[in-house]
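Note sheet for the following structure.
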Amino acid sequence: MGHKYNRAVKRPVSTLLICCCLLGLALTASPAIAAGIPAVSDAELARALELAGANAPELQSALDASADDGTRRAAMRFTVASLPTCDLGSISAAELTANLDMALSVRTDFPWGSDCDLATWAHFVLPPRVSQEPLSDWRRFFLAELGNELSGATTLDEAAVLVNKWCGQRVGFKQTQRRDQGPLATLASGYGRCEEMVIFYVDACRSVGIPARMAYCPYWAVSDNNHAWVEVLGSDGNWHYTGGCEPRDQLDDAWFNGAVKNAPLICSMAFGVPDTLDDSVLEVDRTVGARYTRFNSTSFYRDTGLLSVEVPTAAGSTNAHVSVHVFNFGALRQIAHVQLDSQGRARIRLGLGSFVITTDAPVETRQTLVEISAGEITELYWDSLPELDSQILLQFPPDAA
């Protein structure tokens, strides 16, 4: 054990058995997702109705219409409680009911429809939106268009590839405005930026019962910019990546194959919050009107190491974080914002290379440079750190895998 990088302690994984449970993340169907639709409390539902304001009767009507069937009731409660505030105040009962009806129907209408459990279906097939795009009747459109296109497919993998080919024939890449456009607007224009292409493909997949989610690298470590793509559930029960509207003949193949081998962090998004959480979870927002889960998927794409930060004087703080930064577009850019626990500790799995770490905890200002190595735990004790040097060198070696 040695002291490096402003007193960051580097330890082989094998010498710190207490943390072994944190090191096994892969792009499998996350154990954080249980078998049933995540439960929603009456208090959470009441809060959603309160936030809906004048639109509350529409939500209540949709909830009442689903009350007599256990699966429908749980699915509608989960949807309503997980919607962002903008949707709570505007979505109609008819839209909510139609979304649920079509999402349930594909579980029996396609050979792969029931290949995922109800929890995975709730997080990655049922949602009426992907990101910040406007709501639209995308499910009905895609289902009508894609039904015949998939007549020869029998598995999730085959269907996902065929859907992407269909999407790639209709949508190409072009920079647009900062706010995401909806999938039908993307279809009408024939182009979108990467997140809009992701929204289009994810919605197309979900419309035919393929669990799909957005994944992204907040900022690359070896070049400017960032990127978003899609992960779809395969026939083997694991998640597989592909470019949105950028078809290939198989999954786990895309133009960014090389870039992800140097990614400092890769995140995957889920609508709502699972009943149980594990160490693959990077961030959870439980606030009704903004319920989502962000998973750390970096280990699937490349070798990783674990960063453990301790800020003892921040113990007991209710809203303190450590932030992880890389150099991109000529400045240090934040790629992660991890909340400190009640003991003032935080852990995050990262790709290999150098990172600048800061904190918003109520402690003396410090920022430090750490280097993450494959299979090692880097421990950072905040209260003993010196100031960051005025000149630093960030290194991001290519992944060896």
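Throughout, read-outs are computed from the coordinates displayed, never taken from laboratory work. Bear in mind the structure is a predicted one, so any value in this text is a computation, not a measurement. Cβ coordinates were reconstructed from backbone atoms using ideal geometry, including for glycine residues, and neighbour counts include every protein chain displayed.
Figures for the structure shown
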item: Simple label model, 7 Å out from Cα along Cβ direction - residue 148 to residue 175, nm; result: 4.0
item: Burial ordering of 301, 201, fewest other beta-carbon atoms within 10 Å first; result: 301, 201
item: Cα gyration tensor category, rounded, prolate or oblate, for the range 79-186 with a/c compared to 1.5; result: oblate
item: Taking N as its residue count, the alpha carbon Rg of the range 42-296 over 2.2 N^0.38 Å; result: 0.97
item: Residue-averaged [θ]222 nm for the chain, counting only DSSP H segments that reach four residues, each worth -39500 (n - 2.57); result: -8000 deg cm²/dmol
item: Highest-first arrangement of 217-228, 188-199, 330-341, where packing means the average Cβ count within 10 Å; result: 188-199, 217-228, 330-341
item: Neighbour net charge for residue 297 - beta-carbon separation under 12 angstrom, K R +1, D E -1; result: +3
item: Mean separation of Cα contacts under 8 Å, 6 or more apart, over the residue count of the range 156-299: relative contact order %; result: 21
item: Tail beyond 21 Å, pair distance distribution of the range 294-389 (Cα, percent); result: 29
item: Radius ratio Rg over Rh of the range 197-272, counting only Cα atoms, Kirkwood formula for Rh; result: 0.96
item: 322, 230, 171 arranged by Cβ crowding within 10 Å, fewest neighbours leading; result: 171, 322, 230
